[in-house]
Each structure stands twice: as C-alpha cells, then as structure tokens.
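Participant: My questions all concern the structure below.
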Amino acid sequence: MARNDTLTISAARQNLRQLSIIRNIALGGQLLALLFFSQIQDIGLPVITLSVVLAFYGIVIAATWWRTFQSPTITELEFFCHLLIDILFFTALLYFSGGASNPFVSYYLVPISIAATTLPLRYTWSIALLSLGAYSWLLVNYLPIPALSPAQEQGHHHGSSNNLHILGMWCNFVVSALLITYFVTRMASTLKQQEIKLAQQREDQLRDEQVIGIGTLAAGTAHELGTPLNTMKILVDEMKDEKPELEADLSILQQQLEQCRTTLKQLVLTAETSTDGLEIKPIREYFNKLLERWQVIHPKIQAVIAYADNLPEYETRFHPTIAQALMNLLNNAADASPRQVDVTLFWDANVVELNIRDYGKGITAKQQESLGKPFYSEKTDGMGLGLFLTQASINRYGGEVTIRPAAGKGTLTRVTLPLAYESTSRG
C-alpha cells in the first residue's frame, strides 16, 4: 500500500510538470498570435490588455514549475485548482479577443482532457461544467473584434447564419466535452486499474521467486540438521538415565528436540503435498492441535485462548504452510510477551479470523512499514525471514495478515483465512 501511495505522489508531480510544458506551448502560441495580429495583420486586438494577461500567465507558469520541485505533496485538489487557473486565464484572453467567435475557443477541451486522464470523476465533471459555463458566458459577454465577426464587417444580412455557426460550434463543444468526460475517464480508470494489477503481479512474482529460493535453501538445511538432532536426542536420553535430578529440564529439552524433528519432517512433507491431497478436518480440531503444539514449545507462557460463542461446526482443509505461518505468528507473540498472550478465534461459512494479542513493547509506525520485508528483523538473533514467509504463505491462499499496535500496550496481529474455496459443512 505504501508503495502505491508513493507512485501516486510521484505521478501527481510528473503530471504537474507536464501541465507546465503544455502551458508553455500555449503561452508561446498566444504570444506569436498576438504579435502577428498586432504587428503584421492588425485586427484591432487590445494589445496592452492581452499582454498584461499573458504576463501574469507567464508568472503562474514559472511558479508552477518551481512548485514541482518542492517537497509538499501535490494533491488532487491542488492539480484541480491549477486547471481552474488555466480556465480563468483562457476566459480572460477570449473575452478581450472576440469571445465565442474566436476560433481558438475549442482550447477549453484541453483542460477537460487533462482532468479526464489524471483526476477523479468528480473533479473531471467540475472542470467540464466550468468550461462549458465559461464558453456559454462568452457567447454574450466579450469585446467584439470585427475581423472575427464577419456579420459585423459585411452587414447584418449575414448575422443569422453567423449566429448559427457560433451556436453550432457551441453544440459541438458540448458534445465533445461530454464524450471526453464520460468515455476518457472510464478508459483512464481502466488503464490505472491494469497498471495497479500489473504492479501487484510483479511484486507477487518477485516475492514467489524469493520464496522459492528460500525454500530450496531450507530443504538443504533440513537435510543437514537431521544428523545433529538425532545426536542430541541420543545424548538427552542417556542423560535422563544418568542424572535423574535433571529429569524435568531434560524432558522439556526432549520435547523441544522432538518438535524440531517434527518440523523438519513437515518441511519435507509440505514440498510433496498438493492441495487436492490434504485431509479435511473440523476447524475447531485443527486449531486445537495447532495451539497445543504451540504451548508445548512455550510451556511457561500463560495462554488465554477464547473461541467465539455459537461457532458453526464446519470442516475445511488448509495447506501445511498455513500451520507453519500461524505458528510463526504465535511464536513471535510469545517472544515479545513471554508471560501472557491472548488468542481469540472466530469463523463463519466464508472466513476464519484469528487474533493474537501480546503485551510486549509494541511496534512503532516506522517498524510497521518495514514489517514483512525479507531480511528485516527487530530481534538480535533473527534472520528476518519468518514474517516474510508467513505473509507470503497466507497471501498465497487468499488470506491476509495485519499487524498494528494494540490498545494500551503490545501488538495485535489479525489473520483472516478464506474458507469458501475448500470448505464443507457438517450440517
């Protein structure tokens, strides 16, 4: 999400720079036209007034270009205001150069087109209606230029046809403005959605490539760890016989070693398991076993586990990577809050929601932005892969992980997992 916001901010700044370039081209054309129709073929334009208007417009263009290099965020409202300024200046120019009879009156379509491709629909319609209002106002309010009004130059017998021509231009403008506003905004919205999807697909592909690389490394590591784990198990068994006074501690150590061996076996099993071959289990039984395994790993923690009332008895199947992902989140909570962790569960026919509440020191806004990135960890002995793999696994099967500061103290981790894709009811 943060990356999409950054791209939006960058696009707004680039759009304002492009608008500045368009303004420069328009200003250059207007200056050339003013020079031609005042010095080469004089048609009676108020040169001084138009020069003042163009000078102010040049100052606005320079200020806009300077603004694009400043740090404050360029918002959609600010960009909308820039287009309003263009409409205002263009209306002033047309007022002093023949009004709606000026052949360049169709330039009003430019800000409409820009708004249609860069701004939300409400702003685009506002620009279109304001442009239409300005055009309509210029039909009756303007400084007449005889050279641009043939009816005044040749006699009133052509006035009716000339008015029809101007009204026809106005109708053409209305149709063009409506078509641009409606269809171009829809096409621009479609293109933006496609760009967002493509960016998300690229991120997913990169994440999958990272996961595959880590998975290959994990498989080799699992093979290498098998021998030392077996050696440690043999030594612990021997120490239990030789030192009965350490039996309690050695039993805990034995459980931890057994858990390591189970995890390694599941790692191999996960790589060979397809979704179709997964066992269907009741949801409550699945989470009961998962939480029992977690409590074995953390025997000294006070786990407050609560199921919502009146939960339906549904069955479903989860890929083994989901259990590993949930275990990682639970272990993170236990590491942050060794004394107490609260776990609440809720589900319906569509989704399972798991909330994990710890009472540790919590997370800052900066840490929240970096969570889930590979090789980022706040733990001194962490590798920075646990949460990255957790989110990758849960997202892969349509779930979502959100981590935020809890009320008062600690961290609240919320996991949602869809059931619709493989759930069945027990009636």
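Participant: Cβ-Cβ below 7 Å, separation at least six or inter-chain, first residue in the stretch 164-182 and under 14 Å from THR124 (Cα atoms), second among the β-branched types (Val, Ile, Thr) and part of a helix (DSSP H, G or I): which pairs?
Facilitator: Matching pairs, first to second residue: ALA177/ILE112; ILE180/ILE112; THR181/ILE112; THR181/THR124.
Participant: Only residues that are surrounded by 19 or more Cβ atoms within 10 Å (Cβ to Cβ) and under 44 Å from the mean Cα position of the chain (by Cα): list them for the stretch 135-149, please.
Facilitator: If the condition is that a residue be surrounded by 19 or more Cβ atoms within 10 Å (Cβ to Cβ) and under 44 Å from the mean Cα position of the chain (by Cα), then TYR135, LEU138 are the ones that fit.
Participant: Sticking with this one: Within the stretch 278-335, count every residue that is in a loop (DSSP other than H, G, I, E, B) and among the charged types (D, E, K, R).
Facilitator: 5
Participant: Filter the stretch 347-362 for residues that are closer than 15 Å to THR402 by Cβ and at pLDDT 85 or above and give the result.
Facilitator: VAL351, VAL352, GLU353, LEU354, ASN355, ILE356, ARG357, ASP358 - these are the residues of the stretch 347-362 that are closer than 15 Å to THR402 by Cβ and at pLDDT 85 or above.
Participant: Exactly one condition in (1) touching a strand residue (DSSP E or B) at 6+ places or on another chain (Cβ under 9 Å); (2) at pLDDT 85 or above is not met by ASN328; state its number.
Facilitator: The number of the failed condition is (1).
Quick grid of which residues meet (1) more than 25 Å from LYS192 (Cα to Cα); (2) touching a Leu at 6+ places or on another chain (Cβ under 6 Å):
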{"residue": "PRO72", "(1), (2)": "no, no"}
{"residue": "GLU78", "(1), (2)": "no, no"}
{"residue": "LEU88", "(1), (2)": "yes, no"}
{"residue": "ALA100", "(1), (2)": "yes, yes"}
{"residue": "PRO120", "(1), (2)": "no, no"}
{"residue": "TYR123", "(1), (2)": "no, no"}
{"residue": "ILE127", "(1), (2)": "no, yes"}
{"residue": "LEU139", "(1), (2)": "yes, no"}
{"residue": "TYR142", "(1), (2)": "yes, no"}
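Participant: Given the criteria modelled with pLDDT of 80 or more, within 37 Å of the chain's Cα centre (by Cα) and among the aliphatic types (A, V, I, L, M), does LEU278 qualify?
Facilitator: No, not satisfied.
Participant: Have a look at VAL174, VAL211, VAL236, VAL184 and point out the one that is at pLDDT below 75 and among the hydrophobic types (A, V, I, L, M, F, W, C).
Facilitator: Of VAL174, VAL211, VAL236, VAL184, the one residue that is at pLDDT below 75 and among the hydrophobic types (A, V, I, L, M, F, W, C) is VAL211.
Participant: Here are GLY410, GLY399, GLY384, GLY372: which of them is of a type outside the set (Val, Ile, Thr), more than 21 Å from ARG339 (Cβ to Cβ) and modelled with pLDDT of 80 or more?
Facilitator: Answer to the check: GLY399.
Participant: Let me ask you something else. Give all pairs with beta carbons closer than 6 Å in which a residue from the stretch 387-411 that is more than 12 Å from LEU329 (Cβ to Cβ) meets a residue that is surrounded by fewer than 15 Cβ atoms within 10 Å (Cβ to Cβ); count only pairs at least 6 apart in sequence or on separate chains.
Facilitator: none
The values are calculated or read from the model by the stated rules, or taken from the named source; none is laboratory data. Computed from a predicted structure; not experimentally measured. Here the Cβ is made from the backbone with ideal geometry for all residues, glycine too, and neighbour counts use every protein chain on show.
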